[in-house]
1. In region 108-140, which residues are under 13 Å from the mean Cα position of the chain (by Cα), assigned to a loop (DSSP other than H, G, I, E, B) and at pLDDT 95 or above?
2. How many of the residues in region 47-62 are open to solvent by less than 50 Å² (accessible area, probe 1.4 Å) and either under 15 Å from the mean Cα position of the chain (by Cα) or under 9 Å from Ile76 (Cα atoms) (or both)?
3. All but one of (1) modelled with pLDDT under 95; (2) open to solvent by 10 Å² or more (accessible area, probe 1.4 Å); (3) closer than 19 Å to Thr42 by Cα hold for Gly177; which doesn't?
4. Considering only residues that are part of a loop (DSSP other than H, G, I, E, B) and open to solvent by less than 50 Å² (accessible area, probe 1.4 Å), look in region 85-107 and name the one that is nearest to Thr36 (Cα to Cα).
5. Select from region 148-170 the residues that are more than 18 Å from the chain's Cα centre (by Cα), part of a helix (DSSP H, G or I) and closer than 19 Å to Cys187 by Cβ and list them in ascending order.
6. Among Glu196, Glu160, which is acidic (Asp, Glu), on the phi < 0 side of the Ramachandran plot and exposed (fewer than 15 other Cβ atoms within 10 Å of the Cβ)?
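The values are calculated or read from the model by the stated rules, or taken from the named source; none is laboratory data. Please read these numbers as outputs of a predicted model, since none were measured by experiment. For neighbour counting, all protein chains shown are included, and Cβ atoms are generated from backbone atoms with ideal geometry for every residue, glycine included. Side chains are part of the model used for accessible areas, which takes the heavy atoms of the whole protein and leaves out ligands, DNA and RNA. Shrake-Rupley method; radii C 1.70, N 1.55, O 1.52, S 1.80 Å.
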Amino acid sequence: MAGHEGKPEIIISRLSKLYSDEGWHKGMPFEVLIATVLSHRTRDEMTARASERLFEKYGTPEALARALPGEVEPLIRDVGFYRVKSARIIRIAGLLIEKFGGRVPDDMDSLLTLPGVGRKTANCVLNYGFSKPAIAVDTHVHRISNRIGIVETRTPEETEMRLMEIIPEHQWVSINGLIVRFGQDVCRPVGPRCGECVLADVCGSYEDKGNSD
Ligand code: SF4
């Protein structure tokens, strides 16, 4: 098991100084849910553009449930697999009305019954839509947690479970937003900018590259 003693606190503390929580994707649960489904395998700016167009016209479960796929597709054409996602989000809106009284449920088990919703999406909804303690593990959180060495895991689900063990619950809500920004700016998938990284002294990968003193 990776040595992590004290590292999660250091990581959260330093990244919190770098990134304020302005601009994070907090919002109405319905918008967070649908935007997160749209975001799968899609760049953030494309998701934002498509979501804005979609919610201008279909801002409630009732409105979206009545839409036809052919009406939604042109609005979300910027996202990957937009035809599949168009049908999926209409189906989700219908299920919210049929099963949950037109509201997004605020518990993991109910969220996981919706099509295309896995733990990452459900945790995003709990985190950004309801401000509940949850760790949404996307590719950034999974990659960076392993690179630094606070976890040694093969899947995002394993990473989520391990992070919940080693990070105090009151800090879960900050993890995704901080690490996603850090993963876009510094610890990028390809070509991480280790030379200007505020976490270099606690990062196992930095040491692995022979950069330690
Ligand atoms: S030192 Fe490099 S690999 Fe480690 S967290 Fe920083 S950018 Fe990522």
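1. Val117, Gly118, Ala134, Ile135, Ala136, Val137
2. So the count comes out to 4.
3. Here Gly177 clears every test but (2).
4. This residue is Val104.
5. Those that are more than 18 Å from the chain's Cα centre (by Cα), part of a helix (DSSP H, G or I) and closer than 19 Å to Cys187 by Cβ: Ile148, Ile166.
6. Testing whether each residue is acidic (Asp, Glu), on the phi < 0 side of the Ramachandran plot and exposed (fewer than 15 other Cβ atoms within 10 Å of the Cβ) leaves just Glu196.
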